[in-house]
Amino acid sequence: HLSAIIAAAIIGYLVQNLFLFDTIGTYLMFFLVLGFINSHFLILWTSDVQKFKEVQPPRIDNNIRRLNPQILTIVFLLLSLVPVYYNYQIFKASRHEYWGINYFLNRLPESSLVSFSRAVAAPTPYRDDIRKSFANIVKQAYQQGINYPSLSELQENLAGYLKLVINRHPKDFFNYITLAEFENIFYQYNQNYLKEAEELAQKALELSPKRQQIYYVLAKTKLLEGDIPAAYKIFEKVVSFNPQAGDPHFYFGLMAYGLGDYQKGAEEIAKAEELGRVAQTLEEYVALGNFVGDYHHDYKQAIELYQLALLAYNNQLPRVDQRLKANALLKLAVAYYFDGDYEQSRQAFLELKESVDLKQLPIYPELQPVLQELGIEE
């Protein structure tokens with residue numbers, strides 16, 4: 001009985017190791033079992049040696065004696081090919097996924113596409129995770145102005161991958177919002193994406209009705225659809241779920257500013273700052289600077305926010321779209337001008353002029369008198 005139990009335990013241990021990594025708990029238990037076996041049979045041999053000597057093993061035909069080890073060896077080798085094959089596939093897929101991300105970080109979308117395609121093609125138990133990673137990287141690249149080859153066809157294929165993941169894991173709310181976020185980003189490629197994104201968010205809410213992340217996605221969908229009042233109500237609900245979370249207050253404040261509710265916007269941004277949530281990305285700094293300058297006419301604070309936006313650009317890898325930096329620099333130059341610091345405004349405009357043709361800017365007619373006053377144009 002003990003032999004059967006120990007054999008089953010060892011086989012179970014080896015089988016689970018095909019799918020899971022060892023931890024100190026399972027590894028320690030494995031050696032404790034081996035120690036128990038050793039001590040148990042050592043006691044038997046030392047306490048009753050004579051009994052074991054008198055026991056005569058059954059006769060075994062010499063041909064069977066020779067054949068059994070050979071058969072067992074062949075069977076073992078054949079069975080070992082299965083875990084070796086799948087472990088190699090997992091290694092290969094992980095390697096290609098790593099290089100897919102690495103190439104993206106180095107702004108090499110063509111090479112990234114090749115690596116991710118190879119990673120997805122490998123037959124591994126983690127293929128769904130690689131599909132989601134592939135879609136998220138392409139989405140992130142698009143937001144940063146990095147376009148993968150044949151993007152129209154690629155985004156459609158990636159949306160198909162994410163739908164396949166949902167079909168395989170229909171109870172996981174995260175898969176629904178992953179696809180909804182993806183469709184929010186690429187909605188210009190398919191007129192049905194926004195409608196689908198809203199349906200996906202609603203399905204996610206059925207599975208996890210108080211998950212704030214789902215409401216973020218749904219609010220963005222409403223904004224893209226032009227239904228700003230609905231998005232505003234969604235953020236009110238998000239804030240009520242967890243009043244001590246800084247993110248909902250921050251985004252709600254930006255939205256309130258955008259709707260012209262300046263008092264509410266200022267209150268929510270102040271609350272977010274109390275909770276430790278301040279602007280973090282170039283886009284957030286610029287948006288907040290716009291509201292502070294345009295609505296509160298606090299140009300010194302706006303200048304500080306635009307400077308932080310440019311600092312965020314310099315510190316971010318990979319770089320975001322160069323056009324976003326140019327926009328932040330333009331805002332900074334205008335803020336300096338309204339604050340009365342004409343020399344700093346002039347320097348900012350000159351720096352902007354190195355990368356942008358000022359005459360091509362939509363607001364050039366309004367800028368022209370300012371540029372002439374600063375001596376940048378005659």
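The values are calculated or read from the model by the stated rules, or taken from the named source; none is laboratory data. Please read these numbers as outputs of a predicted model, since none were measured by experiment. Backbone-built Cβ (ideal geometry, glycine too); neighbour counts: all protein chains shown. Protein only, heavy atoms only, side chains kept; ligands, DNA and RNA dropped before computing areas. Shrake-Rupley method; radii C 1.70, N 1.55, O 1.52, S 1.80 Å.
When the dipole is taken about the Cα centre of region 238-349, and only Lys, Arg (+1) and Asp, Glu (-1) are charged at their Cβ, what size is it in debye, to the nearest 20? Show your work: numbers first, answer last.
Working: 9 positive and 15 negative charges, 71 e Å.
Dipole about the Cα centre, nearest 20: 340 debye.
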Where does helix 342-353 land angle-wise versus the long Cα axis of the chain, in degrees 0 to 90, nearest 10?
60
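What number comes out for accessible area per residue over the chain if the probe is 1.4 Å? Units Å², please. Show your work: numbers first, answer last.
Details: 22820 Å² over 378 residues.
Here the residues of the chain average 60 Å² of exposed surface.
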Using Cα-Cα distances under 8 Å and only pairs 6 or more residues apart, what relative contact order does region 107-261 have, in percent?
14
If we sort 348-359, 97-108 on the protection proxy, mean other Cβ atoms within 10 Å, highest first, what's the order?
97-108, 348-359
Roughly how many debye, to the nearest 20, is the charge dipole of region 92-140 about its Cα centre, given +1 on each Lys and Arg Cβ, -1 on each Asp and Glu Cβ, and no other charges?
20
Additional length obtainable on full extension of the chain from Ala230 to Leu18, 0.36 nm per residue less Cα span:
71.4 nm
Please determine, in degrees from 0 to 90 and to the nearest 10, the orientation of helix 173-185 with respect to the longest principal axis defined by the Cα atoms of the chain, where the helix direction is its Cα long axis.
40
In the chain the accessible area split gives carbon plus sulfur, as whole percent at 1.4 Å, a share of 57
Lys/Arg +1, Asp/Glu -1 at C-beta; region 111-192 dipole; positive extreme among Leu113, Val165, Pro149:
Val165
In degrees, nearest 10, the alpha-carbon axis of helix 2-16 is tilted away from the dominant principal axis of the alpha carbons of the chain by 30
Please compute, for the alpha-carbon atoms of the chain, the extent along each of the three principal axes and give them in descending order in Å.
113, 43, 41
Karplus (6.51, -1.76, 1.60) ³J(HN,Hα), θ = phi - 60°, over region 29-40, in Hz, Gly and Pro reported as x
4, 4, 6, 5, 5, 4, x, 5, 4, 4, 5, 4
Whole-number percent relative contact order across the chain, with pairs defined as alpha carbons under 8 Å at least 6 apart:
7
Calculate one ³J(HN,Hα) per residue across region 275-283 by plugging θ = phi - 60° into the Karplus curve 6.51 cos²θ - 1.76 cosθ + 1.60, and present them in order as whole Hz with x for glycine and proline.
8, x, 9, 10, 4, 10, 10, 4, 4
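Going through the cross-link list Lys271/Lys331; Lys132/Lys171; Lys210/Lys271; Lys139/Lys264; Lys237/Lys264; Lys264/Lys300, which pairs have a Cα-Cα distance over 24 Å in this structure?
Lys271/Lys331; Lys139/Lys264
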